[in-house]
Amino acid sequence: MNTLLQDAQDSGARVGLTANAITINGGIPLRGRIQVKGAKNLVTKAMVAALLGDSPSELRSVPDISDVQVVRSLLEVHGVKVDNIDAETLRLDPVNIESAHFAEIDAHAGSSRIPILFCGPLLHRLGEAFIPDLGGCRIGDRPIDYHLEVLRKFGAIVDKQAGGIAMTAPAGLRGAKIELPYPSVGATEQVLLTATMAEGITELKGAAIEPEIMDLVNILQKMGAIITVDTDRVIRIEGVESLHGYSHTALFDRNEAASWAAAALATGGDIFVGGAHQPEMLTFLNVYRKIGGAFDIADDGIRFYHPGGKLKPVVIETDVHPGFMTDWQQPLVVALAKADGVSIVHETVYENRFGFTEALNEMGANIQIHKECLGGHPCRFGQRNFYHSAVISGPTELHGADIVVPDLRGGFSHLIAALSAQGTSRVSNVGIISRGYENFIGKLQQLGADFVLEG
Ligand code: EPU
């Protein structure tokens, strides 16, 4: 591992990254106030966007999570000077950008999916790019075929090699007409980050329009880009010759906010999530209310609480924005296990996002997963071998168990299960949770959870 990455991960220790396991005495309602910062799924992309500028950028509300550390380290090995102006503000200076050595890039292999988004900016700035084998949560195959196809359309020559992918653009990058087979968040960002400085006009059909993508559009516009978002998932980008640095406060992390909201509901608690905004959470709030959760919306955040009484079952289908986000289902399933009746969750974004339910069943939940598309429209995973629909029969009382965190959101779901269960649970592999939840250990303490950390 290179020293920058080691330093980055060591500095993550202050957010609890070194903790391997946590023993939780459950059954205590979580109560109190916490604050969420910028969204993991925007901040990391905003950091990559800074590569496109010919002057430094300033990004505010940056959470101290390991995905940010990984991107920071990868920027640094490419000569970008990244400084903390304060604990949550980064200054990113790309003026002395340079190619990195294979070993420095390789040290990041398997650590995140963000490196694929370095391709367009590096091709513009250096004429070449090499990205390591990718990581990220194991919640399906997570191919990068859309990304590579998009880059080829812009004129990149893609060469898959041992340990990563090398790219060049001998004739420069040119605007293209692109239609995505599925509104992929990452592939849409790939187009945005590549098209802004490509020669000519790019038309993207079938774009993802998540709020994090719209905030990336805001950032690129601040940098000098010309981007039009039309109706029906069409985005048009007029390439410009140069971009400058930006100054931006990142959109709040609605996935983290929804996770704490789910924790309040499952534990019978009451949590004020500072920094949460209503518009980006509309769909979540509707479902929360239907289950029997309550919320009060304030200017500076949202209070989520269990108002008493029985929780009600729901039928949910995850979808791209403005649908119910896939990242929300895992934490919420714990509350559904406690609801009075049968709930159905049809996962249509990832083919394999129910692995986490095995541990919930060990704790007393009754969740069956099926290959059929249940509860709504047929999706692209129907008639295939993917267990992508869950039937949750409640109410069930959860009891403590020894469980192992499988992925980021599944891990938070396991934490909620342990916090709401009767008895003691040992949750191991909790380091993964620090990829996307800033200081979750400190927040658990603030909310009155009863737990002990193991090194
Ligand atoms: N897909 C392909 N080929 C591609 C790209 C995507 O088949 O080249 C498929 C995926 O396999 C998946 C679907 O398209 O079935 C959607 O994937 P998408 O590209 O939209 O996801 P992503 O960009 O890899 C981001 C977030 C995820 C979030 C999804 C959906 C980041 C770093 N990750 O992933 O967040 O679930 O969008 O909103 O932004 C998380 O935060 O826990 C997380 C997994």
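What about K290, is it in contact with a Pro (Cβ under 7 Å, 6 or more places away or on another chain) and away from the ligand (no atom under 16 Å from the Cβ)? Outline the logic, then answer.
On the way: in contact with a Pro (Cβ under 7 Å, 6 or more places away or on another chain): no; away from the ligand (no atom under 16 Å from the Cβ): yes.
Here the answer is no, as K290 does not meet what is asked.
Tell me, which residue of region 173-199 that is open to solvent by 30 Å² or more (accessible area, probe 1.4 Å), in contact with an Asp or Glu (Cβ under 8 Å, 6 or more places away or on another chain) and more than 11 Å from the ligand (Cβ to nearest atom) is nearest to E241 (Cα to Cα)? Among them, the one singled out is M197.
Do any helices (runs of 4 or more DSSP H) lying entirely in region 64-153 carry at least 1 residues that are without any contact (Cβ under 8 Å) to a residue 60 or more places away in the chain and open to solvent by less than 20 Å² (accessible area, probe 1.4 Å), and which ones are they? Give the steps one after another, and end with the answer.
On the way: elements: 66-77, 102-106, 119-126, 145-153.
Counting at least 1 such residues, we get 66-77, 102-106, 145-153.
Of all residues in region 310-329, count the ones that are over 13 Å from V391 (Cα atoms) and of a type in the set (D, E). Give the derivation first.
The initial filter retains those residues of region 310-329 that are over 13 Å from V391 (Cα atoms), namely 310-312, 318-328.
Okay, now just the ones that are also of a type in the set (D, E), so 319, 327.
Within region 310-329, residues that are over 13 Å from V391 (Cα atoms) and of a type in the set (D, E) number 2.
Would you confirm, using the coordinates I've provided, whether H147 is more than 14 Å from the ligand (Cβ to nearest atom), at pLDDT 95 or above, in the same structural domain as I65 (by TED's automatic domain parsing) and touching a Gly at 6+ places or on another chain (Cβ under 9 Å)? Considered against the rule, which asks whether it is more than 14 Å from the ligand (Cβ to nearest atom), at pLDDT 95 or above, in the same structural domain as I65 (by TED's automatic domain parsing) and touching a Gly at 6+ places or on another chain (Cβ under 9 Å), H147 comes out as no.
Residues of region 406-454 that are polar (S, T, N, Q) and open to solvent by 20 Å² or more (accessible area, probe 1.4 Å): Q422, T424, S428, N429, N439, Q445, Q446. Among the residues of region 383-392, is any in contact with a Cys (Cβ under 7 Å, 6 or more places away or on another chain), open to solvent by less than 20 Å² (accessible area, probe 1.4 Å), within 17 Å of E317 (Cβ to Cβ) and in the same structural domain as G26 (by TED's automatic domain parsing)? For region 383-392, residues in contact with a Cys (Cβ under 7 Å, 6 or more places away or on another chain), open to solvent by less than 20 Å² (accessible area, probe 1.4 Å), within 17 Å of E317 (Cβ to Cβ) and in the same structural domain as G26 (by TED's automatic domain parsing): present. Among the residues making up region 204-226, those that are more than 16 Å from the ligand (Cβ to nearest atom), buried (at least 18 other Cβ atoms within 10 Å of the Cβ) and not in a helix (DSSP H, G or I) are G224, A225.
Which of the residues that make up region 337-354 are open to solvent by 40 Å² or more (accessible area, probe 1.4 Å) and part of a loop (DSSP other than H, G, I, E, B)? Walk me through it before giving the result.
First pass over region 337-354, keeping only residues open to solvent by 40 Å² or more (accessible area, probe 1.4 Å): 338, 340, 342, 350, 352.
Listed by number, the residues that qualify are K338, D340, Y350, N352.
The values are calculated or read from the model by the stated rules, or taken from the named source; none is laboratory data. Remember, predicted model here, so these are calculated numbers, not experimental data. As a convention, Cβ positions derive from the backbone with ideal geometry for all residues, glycine included, and neighbour counts pool all protein chains shown. Ligands, DNA and RNA are stripped out before the accessible areas are found, and what is left, the full protein with its side chains, is counted by its heavy atoms. Shrake-Rupley method; radii C 1.70, N 1.55, O 1.52, S 1.80 Å.
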